[in-house]
Amino acid sequence: MRYHVRRSRFGLYQSDGGLEAAVGEGEIPGSRNKLIEESYELGGEGGDVDFMIARFVVGARIKALRGDRSGAQERLDEGARAAAALHLDRLRARIDNDLALLQLPHPPAPALTPNIDLEVGVDAVTATTALLDDDTAIRHILTHGSPEDTARALDRVQHWVDKLTGTRRRLATLQATRLLVSCLAAVGRDEEAKTRLAEAVAICAEQRMLRYLPDGGEDIEEMLDALHREQLSGSWAPTRPTVPESFLESIARTER
């Protein structure tokens, strides 16, 4: 049996994260989580890479949201073993990234990848894996690196944003922008960080992706709360895009 990932009518979902995005916007409600649990019973080798991402990564996120962090760790660790056994580098990169995002024990962070020129026909799997590895590496740098390392990380993620903006890879662009927000905040450029975050919020509101930004880490959560307070107080900067108040309110009420 072969499974296929459903694509959104908005065209936002791609092979580098469609099911994660579906969970992010609440398209897999609790009554349908059983699908992921049942798929897990198929074993580590069943299905294509996207279905394995649903089985291991999305399943782990659901467990983490329910407070079962040990279950999330177990699910991701098994996914890592499957990725190693089947030589699935994109699945390995996705799992490593989620271990870092969930602040669970994870392998040593990878080094920043060599610059990839997306304009010379680099295939989507290679580019996706590189972005995931850079995301994981940069999150480690923001926590443990020197100011010089952090500045270098900012340059790298700005390169990703510049290369991806305007392409059809909109989910990858959103991922790079989310990471750029964290880098800007880490170097003290808070207002610029909040402006870029507001741009991402506007996109997520349009696509009804409720969880994608809060899943980006505690620093993103704190800035989302700050944007919500500014919106409630009427101090929203006029240079920022308009964001539905109801959407930021919904984010503030999401389980974390």
Quiz item: Which whole-Hz ³J(HN,Hα) couplings does the stretch 166-183 yield from phi under the Karplus relation 6.51 cos²θ - 1.76 cosθ + 1.60, θ = phi - 60°, glycine and proline marked x?
Solution: x, 8, 7, 8, 6, 5, 5, 4, 5, 4, 5, 5, 4, 5, 4, 4, 5, 5
Practice problem: With a 1.4 Å probe and all protein chains in place, put 87, 159, 144, 228 in order of accessible area, largest first. | Solution: 87, 144, 159, 228
Quiz item: Ignoring ligands, DNA and RNA, what accessible area per residue does the stretch 160-217 give at 1.4 Å, in Å²?
Solution: 37
Quiz item: Each residue of the stretch 240-247 in order: what ³J(HN,Hα) in whole Hz does its phi give by Karplus 6.51 cos²θ - 1.76 cosθ + 1.60, θ = phi - 60°, with x for Gly and Pro?
Solution: 8, x, 6, 10, x, 4, 5, 6
Quiz item: Protein chains only, probe 1.4 Å: how do 122, 57 rank by accessible area, largest first?
Solution: 122, 57
Exercise. Using θ = phi - 60° and the Karplus relation 6.51 cos²θ - 1.76 cosθ + 1.60, list the HN-Hα couplings for the stretch 65-74 in order, rounded to whole Hz, with x at every Gly or Pro.
Key: 5, 7, x, 9, 6, 5, x, 5, 4, 4
Quiz item: Would you list 208, 168, 253, 156 from the most to the least accessible area, probe 1.4 Å?
Solution: 168, 253, 208, 156
Practice problem: Keeping the other protein chains in place, figure out the carbon and sulfur percent of the accessible area of the stretch 100-256, with a 1.4 Å probe. | Solution: 52
Quiz item: What figure in square angstrom, to the nearest 10, would you give for the accessible area of residue 148 with a 1.4 Å probe?
Solution: 130
Quiz item: Can you pull the three principal axis extents for the Cα set of the stretch 84-180, in Å, largest first?
Solution: 38, 34, 21
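The values are calculated or read from the model by the stated rules, or taken from the named source; none is laboratory data. Just so it is clear, the structure is predicted and the values come from calculations on it, not from any experiment. Note: areas computed on protein heavy atoms with side chains; ligands, DNA, RNA excluded. Shrake-Rupley method; radii C 1.70, N 1.55, O 1.52, S 1.80 Å.
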